[in-house]
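Trainee: My structure is below; once you've seen it, I'll send some questions.
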Ligand SMILES: C[S@@+](CC[C@H](N)C(=O)[O-])C[C@H]1O[C@@H](n2cnc3c(N)ncnc32)[C@H](O)[C@@H]1O
């Protein structure tokens with residue numbers, strides 16, 4: 001089942017009531033979208049303190065989550081479409097969602113695959129039907145979104161029982177740079193602690209977790225161990 005219906009058609013569901021962080025607003029600029037793929041290709045190496053090319057992240061995700069052809073996945077905050085592209089090439093049907101139209105345009109340019117539908121929406125309140133997806137990928141969107149607890153609750157609602165949730169985010173270090181970037185004036189970013197994330201996901205089982213420097217990878221399964 002494809003929750004969007006018409007393949008390859010962008011739909012818009014931006015709720016103007018939902019506040020945005022400065023980090024989210026910066027993603028609305030076309031220049032940010034244009035530069036994002038270059039940052040993304042290097043960022044985990046810089047943030048983890050060891051070589052971490054996209055190929056390594058792809059192997060980690062595919063090895064732990066094992067997405068299956070024909071499954072429905074949501075890429076939550078797709079940006080340039082890294083996870084959406086991986087999933088589509090595995091044979092999954094993907095809804096790649098983002099609140100930034102320039103990001104979606106960039107992703108579409110880079111990951112033009114018939115298995116991907118694109119959706120402009122704020123995933124803190126997507127309006128999509130319950131239990132639409134077999135799996136959800138969240139690559140660093142938790143760090144940027146205004147209300148990460150609300151985002152996780154919404155993604156939980158959208159996942160079928162037995163479905164998977166893949167999280168990649170910058171975990172809390174308590175360092176001065178993170179404190180600065182958390183201020184509303186300088187980014188409004190959130191750096192969650194893994195224990196806090198687990199508390200937002202009642203009824204989910206954390207099956208895998210890896211921390212490399214500040215970068216956290218986690219796989220959760222809804223309901224079952
Ligand atoms: C750090 S980037 C994500 C990178 C991408 N997931 C990846 O792994 O390459 C965060 C993206 O999430 C989007 N975003 C942030 N909050 C969102 C929300 N509440 N709903 C939808 N998209 C959101 C931003 O526009 C941005 O493109």
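The values are calculated or read from the model by the stated rules, or taken from the named source; none is laboratory data. Just so it is clear, the model here is predicted, and its values are computed rather than measured. Here Cβ is always computed from backbone atoms with ideal geometry, including for glycine, and neighbour counts include all displayed protein chains.
Trainee: Within the bounds of segment 174-187, is there any residue that is modelled with pLDDT under 95 and within 12 Å of the ligand (Cβ to nearest atom)?
Mentor: Yes, some residue in segment 174-187 is modelled with pLDDT under 95 and within 12 Å of the ligand (Cβ to nearest atom).
Residue-by-condition table, conditions (1) crowded, with 24+ Cβ neighbours inside 10 Å; (2) under 11 Å from the mean Cα position of the chain (by Cα); (3) outside any loop (DSSP other than H, G, I, E, B):
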| position | (1), (2), (3) |
| --- | --- |
| 112 | no, no, no |
| 126 | no, no, no |
| 157 | no, no, yes |
| 167 | yes, yes, yes |
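Trainee: Go through 157, 150, 211 for me and flag whichever is out of contact with any strand residue (DSSP E or B) (no Cβ under 6 Å at 6 or more places or on another chain) and within 22 Å of residue 46 (Cα to Cα).
Mentor: None of the other options fit; the residue is 211.
Trainee: Anything in segment 66-96 that is within 12 Å of the ligand (Cβ to nearest atom) and in a loop (DSSP other than H, G, I, E, B)? List them, or say none.
Mentor: If the condition is that a residue be within 12 Å of the ligand (Cβ to nearest atom) and in a loop (DSSP other than H, G, I, E, B), then 77, 78, 79, 80, 81 are the ones that fit.
Trainee: Looking only at segment 97-110, which residues are crowded, with 23+ Cβ neighbours inside 10 Å and either over 22 Å from residue 16 (Cβ atoms) or away from the ligand (no atom under 14 Å from the Cβ) (or both)?
Mentor: Matches in segment 97-110: 106, 107.
Trainee: Something else: For segment 31-57, how many residues are assigned to a loop (DSSP other than H, G, I, E, B) and surrounded by fewer than 16 Cβ atoms within 10 Å (Cβ to Cβ)?
Mentor: Restricting attention to segment 31-57, the residues satisfying the condition of being assigned to a loop (DSSP other than H, G, I, E, B) are 49-53.
Then keep just the ones that are surrounded by fewer than 16 Cβ atoms within 10 Å (Cβ to Cβ); that gives 49-51, 53.
Count: 4.
Trainee: Moving to a separate point now. List, please: which pairs have Cβ atoms under 8 Å, are six or more places apart or on different chains, and start with a residue in segment 133-146 that is on the phi > 0 side of the Ramachandran plot and surrounded by fewer than 24 Cβ atoms within 10 Å (Cβ to Cβ) and end with one that is assigned to a strand (DSSP E or B) and modelled with pLDDT of 95 or more?
Mentor: 140/168; 140/169; 140/170
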